[in-house]
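Take a look at the structure set out below.
What follows is calculated from the coordinates using simple rules that are stated; it is not laboratory data. Here the structure is a predicted model, which means the values were calculated and not measured. Note: ideal-geometry Cβ built from the backbone for every residue, glycine included; neighbour counts use all protein chains shown.
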Amino acid sequence: MTVYIDPPEWPGHGRMWSHLISDSSLRELHEFAADIGLPRRAFDRDHYDVPAESHAAAVRRGAVEVGSREVVRRLHAAGLRRRRRSPQAPAGP
């Protein structure tokens, strides 16, 4: 079980952001995020949005630094990738 983080290179709301993911379970991800003080509202479908100023704390706690493409690849490999639903897509059962 490993938690991964990409570089803080995603702009938004006047800040730069990273993405924090797990390669095995969302439970592990939620526990890790809570341990480094991320609020649950920072969770977005399959990852946590991490402000640049929290990146180093995540790495100190054990998050492995990888590139953004590797984050997506690992999410897919783990079966944890959750795509945003298209507004035109019909509602599922």
(message) Taking the condition of being polar (S, T, N, Q) and under 9 Å from W17 (Cβ atoms), how many residues in the range 40-58 meet it?
(response) 0
(request) Restricting attention to strands (runs of 3 or more DSSP E) lying wholly within the range 1-77, give those where 1 or more residues are surrounded by fewer than 15 Cβ atoms within 10 Å (Cβ to Cβ). (result) 10-12, 15-22
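Please go through the range 30-55 and pick out each residue that is charged (D, E, K, R) and at positive phi.
Selection gives R45 alone.
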(request) For the range 1-21, name all the residues that are closer than 19 Å to L75 by Cβ and either touching a Lys or Arg at 6+ places or on another chain (Cβ under 9 Å) or of a type in the set (A, V, I, L, M, F, W, C) (or both). (result) M1, T2, V3, Y4, I5, D6, P8, W10, W17, L20, I21
